[in-house]
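To start, the structure under review is shown below, and the notes come after it.
The numbers here are math on the coordinates, done by the rules we state, and not lab data. Given the structure is predicted, the values throughout are model-derived calculations rather than measurements. Cβ atoms come from the backbone with ideal geometry, glycine included; neighbour counts cover every protein chain shown.
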Amino acid sequence: MLKVVIADDERIQREGIAKHVDWPAYQMQVVGLAEDGLQALELIEKNGVDLLITDIKMPRMHGLELAERAKEFNPQLKILIISGYDDFEYARTAIELKAYAYLLKPIPFNKLNQELGHISVQIQQERLKQQALSTLQDQVEESKPVLAEKLFKNMLDGFLTDEEMIRHKMKTLSIPIPDYGFDILLLQMDKPSDRPGMENPLDDRQFLSQLTQTGIAEKHGQILQTKENEFVIVLYARGPDERSSLLSTIRRIRDPLPPADSHALTISVSGRKARLSQLNEAYRECAIAAEQKFHLGKGQDIFYQDSMPDQPLSPQYEVPYEGLIQAMEIGNIQQAEQSLEEIFNEFANSSVTQKPVVKAFCFKIISDIFRLLHEANEKVEAVFGEEHAFWSQFHDLDTLPEMREWLLETVVSACRHLHSKRIRKNTNTIGNIIHILETRYAEPLSIDELAKHVHLTPNYISNMFRETIGESIIDYLTKIRMKHAVRLLADESVRIYEVAEQTGYNSTSYFSVVFKNSFGISPKEYRDNASKR
């Protein structure tokens, strides 16, 4: 039932309202009568009232002040003001207080009943709406962990690399944003089948539960399962890059584990990253470091900086390296092969080049290849197959010729895929341009206008069109116009200047020049010959 308080300094008035209204019909119940504003305020504070019916002129506190203060207890409180003063100022104040209705004494009960019916319906609707909103908010809160996990997986896989968008999504999901960067810990647990003789090894669910209980990433990171027997901890940095802090975190992960499970757990640590868009890069660094367990054995803690030192690219490699990246962007296999050969020839001719330097260069190229594929909305697996096998091949490279051959094959595969993607994209663009030329040939079209329609630069579409079709856009448009000019000239009722206008030429003389260049005779001669035939 909706609770009602009636405040009026006239006893007959307040008791008359309470007595002569069928309150249950409006799902209402009068919980108090007050002879002044202060008494009414006490009743409202005590009972949690839904509707206040109040006179304006009362002792100790008038009705308008009562309404204003009562709203502080319940902003949703409905207020029905009654008054014997037909005064505009009172009515205006009532409107400012968002009073539901303003009735003059003597109160017409049919009007009061009508207002009570409206108020009852409105309150019920507001409650249903609030209940639905509350349910929706609860559902959103319940789904936040799932959405957060999906967001981090998209970042780890390189499908989301826009820093601003990442931060916006994290803010929407109430996920803290790291102030000092982050590290990634890749946890790989040997499968139970790889540990014969062990009794009751931890399964994925138990291990994830135990990780969560450590509280490592409760407020400063994220824990998620990426694959079977593989987990990632995105660990927010709280200060400078100190290995001691990471080692302490690793101990917190290992200490609760039974010795057998701890010995089966390999933990790889990425380099410190500053931007959330670098999550994919950090994840790949962990994958590279994890391959070192081939030499170190399982159950080790492996830091990426130790397994693959960051080697700067020497100046003599910068120009061919930039050429290599540009060639891959446009899918030019020949140029990519040439640039890569130039770099490896420098490696071969240098007596000081060490294996870690070449490996670091290979990793840099791979990172750029992955970036280009992601920017083209292509999955790495579609080009190179299962990523784990790909990195295993990379790890097994031991000599310069092996690295040259493997990287060349990798670059060529990426180029082919990106070139194919570019051809498909260009084909759609060319189709759009041809459609515009075929349908709007009568308009004064320009390269700049066409470029705006397909959202590319004029130079780009000009080169792309000539490369694909074999002639320029202008020549292609001229052929279309001349085709339609021949059709129009066959109709002698259409004058030659009209033929020019209907094929996109404002000047009849220029139209005649273009026509003669195309067919060897003037439009008039063409029409005369056609008439004779």
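Please report the equivalent ellipsoid semi-axes of segment 315-423, computed as sqrt(5 x eigenvalue) of the Cα gyration tensor, largest first, in whole Å.
Here the semi-axes work out to 23, 17, 10 Å.
Residue 298: which lysines have alpha carbons under 16 Å from its alpha carbon, excluding same-chain residues fewer than 8 sequence positions away?
The qualifying lysines are 191.
With r as the distance between the Cβ atoms of residue 382 and residue 409 and R0 = 22 Å, compute the FRET efficiency 1/(1 + (r/R0)^6) and round to 0.05.
On the way: r = 16 Å, r/R0 = 0.73.
Working from the Cβ atoms, E equals 0.85.
Given the Cα-Cα distance of residue 121 and residue 460 and 0.36 nm per residue of separation, how much length would full extension add, in nm?
Details: separation 339, 0.36 × 339 = 122.04 nm, distance 6.37 nm.
Working it through step by step, the gained length comes to 115.7 nm.
Run the quick spin-label model on residue 107 and residue 214: label points 7 Å from Cα toward the beta carbon, then report their separation in nm to one decimal.
In this crude label model, residue 107 to residue 214 measures out at 6.8 nm.
Shape call for segment 2-127 from the C-alpha gyration tensor, a ≥ b ≥ c root eigenvalues: rounded (a/c under 1.5), prolate (a/b greater than b/c) or oblate? Please list the in-between numbers first.
Values: a/c = 1.21, a/b = 1.13, b/c = 1.07.
Verdict is rounded for segment 2-127.
Going highest first, how would you order 317-328, 508-519 by mean Cβ packing within 10 Å?
Taking the mean over residues of other Cβ atoms within 10 Å, the ranking is 317-328, 508-519.
Please report 159, 303 as a ranked list, fewest other C-beta atoms within 10 angstrom at the top and most at the bottom. Provide the component values of the computation, followed by the final result.
Details: 159 12, 303 20.
Placing the least packed residue first, the sequence is 159, 303.
Between 0 and 90 degrees, rounded to the nearest ten: what's the tilt of helix 333-349 against the longest Cα principal axis of the chain?
Once rounded, one gets 70 degrees.
Using the Cα gyration tensor of segment 163-305, with a ≥ b ≥ c the square roots of its eigenvalues, what is the shape: rounded (a/c below 1.5), prolate (a/b larger than b/c) or oblate (neither)?
Prolate, because a/c is 1.5 or more and a/b exceeds b/c.
In deg cm²/dmol and to the nearest 500, what is the mean residue ellipticity at 222 nm of the chain if only DSSP H runs of at least 4 residues count, each as -39500 (n - 2.57), divided by the residue total? Provide the component values of the computation, followed by the final result.
Working: 24 runs with 321 residues, N = 533.
Value at 222 nm, helices only, nearest 500: -19000 deg cm²/dmol.
Please state the relative contact order of the chain as a whole percent: Cα pairs under 8 Å, 6+ residues apart? Intermediate values should be presented prior to the final figure.
Numbers: 641 pairs, mean separation 40.4, N = 533.
This gives 8 percent for the chain.
Taking other Cβ within 10 Å of each residue's Cβ, how do 399, 54 sort, fewest first? If you can, show how the numbers build up before the last one.
Values: 399 10, 54 26.
Result, fewest neighbours first: 399, 54.
Would you kindly derive the ³J(HN,Hα) couplings of segment 367-372 from the backbone phi angles with the Karplus curve 6.51 cos²θ - 1.76 cosθ + 1.60 (θ = phi - 60°), listing them in order in whole Hz, with x for Gly and Pro?
Running phi through 6.51 cos²θ - 1.76 cosθ + 1.60 with θ = phi - 60° gives 4, 5, 4, 4, 4, 4 Hz.
Set the Förster distance to 30 Å, then compute FRET efficiency between residue 149 and residue 396 from the Cβ-Cβ distance, nearest 0.05.
Working: r = 33 Å, r/R0 = 1.09.
With R0 = 30 Å, the Cβ-Cβ based efficiency is 0.35.
Just want the answer: with Cβ charges of +1 for Lys and Arg and -1 for Asp and Glu, which residue in 41, 147, 518 is farthest toward the dipole's positive end in the chain?
Working it through, the farthest residue towards the positive pole turns out to be 518.
What per residue convex hull volume, in Å³, do the alpha-carbon atoms of the chain yield? Intermediate values should be presented prior to the final figure.
Working: hull volume 183.2 nm³, N = 533.
In the chain, the Cα hull volume divided by residue count equals 344 Å³.
Tally Lys and Arg at +1 and Asp and Glu at -1 over the other residues with C-beta under 12 Å from the C-beta of residue 10: what net charge comes out? Spell out each step's value before the answer.
Details: positive: 11, 14, 57, 105; negative: 8, 9, 15, 35, 36, 55.
Residues near residue 10 contribute -2 overall.
For residue 341 and residue 506 in one chain, what is 0.36 nm times their gap in residues minus the Cα-Cα distance, to one decimal in nm? Walk me through the intermediate numbers first.
Values: separation 165, 0.36 × 165 = 59.40 nm, distance 5.52 nm.
My answer for the length gained is 53.9 nm.
Once you order the gyration tensor axes a ≥ b ≥ c over the Cα atoms, which shape class does segment 442-532 get: rounded for a/c under 1.5, otherwise prolate or oblate by comparing a/b with b/c? Show your work: numbers first, answer last.
On the way: a/c = 3.05, a/b = 2.15, b/c = 1.42.
Verdict is prolate for segment 442-532.
Give me 249, 226, 172 sorted ascending by neighbouring Cβ count inside 10 Å, so fewest comes first. Don't skip to the end; give the middle numbers.
On the way: 249 20, 226 16, 172 12.
If I rank by nearby Cβ atoms, fewest first, I get 172, 226, 249.
Just for the chain, what percent of DSSP beta bridges are antiparallel, to the closest 5? List each step's numbers first, then the result.
Numbers: 19 of 41 bridges.
Among the beta bridges of the chain, antiparallel pairing accounts for roughly 45 percent.
Once the piece of chain linking residue 245 and residue 467 is laid out straight, how much longer is it, given 0.36 nm per residue of separation minus the C-alpha distance between them? Provide the component values of the computation, followed by the final result.
On the way: separation 222, 0.36 × 222 = 79.92 nm, distance 5.74 nm.
Contour length minus the Cα-Cα distance gives 74.2 nm.
Between residue 7 and residues 5 or more places away or on another chain, which pairs have amide H atoms under 5 Å apart, with H built 1.01 Å from N, and which residues are they?
34, 53, 54, 55
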